[in-house]
Amino acid sequence: MIKKREQIVFKYSEEGKKGYSLPPLDVEKKSYIPENLLKDENKGMPEISELEVVRHFTALSHMNYSVDEGFYPLGSCTMKYNPKINEKISSFDNFLMAHPYLPYSLVQGNLKLMKTLEDRLKDLTGFDYFTLFPSAGAHGELAGMMMIRKRLELDGNSRKIVLIPDSAHGTNPASSHFAGYAVKEIPSGEKGYLEAETVKEYLNEDVAALMMTNPNTLGVYEKDIKEIAELLHKNGSYLYMDGANFNALMGYVKPAEIGVDVLHLNLHKTFSTPHGGGGPGAGPVGVVEKFRDVLPVPVIRKKDGVYYTDFNIPRSIGKIRSFYGNFGVLIKALVYIMELGAEGLKKATEFAVLNANYIREKLKDTYELPYNTKTLHEVVFSENSFKKFGVKTVDLAKRILDYGFHPPTVYFPLIVHGALMIEPTETESKTTLDDFIDVMKKIHKEAEENPELLKEAPHYTPVKRLNEVLAAKKPKLKYKEEE
Ligand SMILES: *Cc1c(COP(=O)(O)O)cnc(C)c1O
């Protein structure tokens, strides 16, 4: 691979170079900026031509990896391709220009859109109510756990502990803690899912809830979930399901029907907004009837054919988000659901599961698979097959960059040593998956024959192996000629 162009804009700077040409001034020169705020000179600023500016920023944009550029098998993140038309619809002027302070009468369409999305999510999950306001998965978890806490307190039975299996997502314990609970970890079984027998041992009158990621971070369906829900309910506890991985279940499982009380979804994974990059997200929360009076305000309602936002819910956990949440994300989710329809969503699930199992099948003889069961939407390999060559998971991941793919999620979940967590998603073709599988096999061979190659990788990216801690703590923001 040829090294990319030197990206420092200062290199092209020469005194007097300009990026514009204007006719000479034929009126009196006058500044509207107060004198004391003006700089004497643009000292230190690069002086470059228009073409150089264009090239510089175009080149920078190419240094970003994205799902539009290549395969993004980042496990747990569902980095799938999202149709461009959904972006386009979400940026229609009528949506973009709606000011959050407009009266209901002028945003009836937007409120109807939100209500319709709630209804579709209820159809898909079986819950009685949804709130669309949380801005992320973790934010949904917090809202959900606050509702559980409020419900228990109102019932005169506040409890202290939330049980969380070791195969849950890392945000689960954090959210429970934020909601004021002590977290107790509970071990999942050898087969990769939590067994009802284990739950029995941990239940007591202090347990407020069990928070379960399903499918869990191994990509394994929690087979005992129904039985676990019954045990919890008998104990006066609730079952929270982290449904961020819902693209493995859509059209097949309605969580409310298997005993789940509270659930969040990640619209910015399953429903047409990319996860990652810190962009806006939405983590709607679905609840069963029992939680009706503690829902966050406002609740969108319809009366006499008019939509409005109802703030009059005395036992509500309160407001958890300003205005209408991340409305653009809600638009994309509804468009996606309507485009695909019930059959299409089911097909998306089938392809997500098929693709993950295809990778599992093709790589399981090369890489060690600690939980060798059929997976749903993602598959997790360990470092055990290449550790013996002195190669670590991070080395392998860096080498993947040299072949033009984004690496999988590494070192997570923690129950797998040196984990490589791969989520292909439903949008990748067999050809792409085959390319990726070939690369993974090739790299494994390199690890055996030439481990140094991996330990020094990446070799072909704009920057080489970084000291990631130092890079975060002391970012190099200045260009120095001598370097
Ligand atoms: C991504 C994810 C979350 C957290 O979602 P954020 O929007 O990043 O806060 C929670 N649980 C699971 C299983 C996830 O995959």
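None of the figures in this text is laboratory data; all of them are computed from the coordinates on show. Everything numeric here is computed off the predicted structure, so don't read it as measured data. All Cβ positions, even for glycine, are placed from backbone atoms using ideal geometry, and neighbour counts span all protein chains on display.
Summary table below
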item	result
Cα principal axis extents for segment 84-338, largest first, Å	56, 40, 29
Two-decimal log10 I(q)/I(0) for segment 337-418, as the Debye equation yields it once each C-alpha is a single scatterer, q = 0.19, 0.23, 0.25 Å⁻¹	-0.90, -1.14, -1.25
Built amide H within the under 5 Å cut-off of Ile300, gap 5+	Asp310
Length released on extending from Asn467 to Glu35, taking residue separation times 0.36 nm less the Cα-Cα span	151.0 nm
Inter-centroid distance (Cα atoms) of segment 245-268 relative to segment 366-418, Å	27
Peptide ranges 89-96, 182-189 listed from the most packed, as the mean C-beta count within 10 angstrom indicates	182-189, 89-96
Coarse-grained scattering of the chain at q = 0.06, 0.07 Å⁻¹, given as base-10 log I(q)/I(0) from a Debye sum over alpha-carbon atoms	-0.35, -0.47
Net charge dipole size for the chain [Lys, Arg +1 and Asp, Glu -1 on Cβ; Debye, nearest 20]	600
Column: log10 I(q)/I(0), Debye, Cα scatterers of segment 418-476, q = 0.17, 0.19, 0.28 Å⁻¹	-0.85, -0.96, -1.12
16 Å tail of the calculated P(r), segment 99-141, as % of Cα pairs	51
Distance histogram for segment 9-63 (every C-alpha pair counted, 10 angstrom bins, percent rounded to whole numbers)	18, 34, 35, 12, 1
Overall dimensions of segment 151-276 by Cα: Rg and Dmax, Å	14.1, 41
Mean residue ellipticity (222 nm) of the chain, computed from DSSP H runs ≥ 4 via -39,500 (n - 2.57), nearest 500	-11000 deg cm²/dmol
DSSP beta bridges in the chain [antiparallel fraction, %, rounded to 5]	50
Potential extension, Lys160-Met97 segment - 0.36 nm per residue separation minus Cα distance	18.1 nm
Lysine pairs meeting the criterion (Cα under 18 Å, 8 or more apart or interchain), as found in segment 9-63	5
Area projected by the alpha carbon convex hull of segment 347-471, averaged over all directions, nm²	8.0
Hull volume in cubic angstrom per residue (convex hull over the Cα atoms of segment 167-223)	77
Highest average packing first - 165-174, 111-120, 71-80, Cβ atoms within 10 Å	71-80, 165-174, 111-120
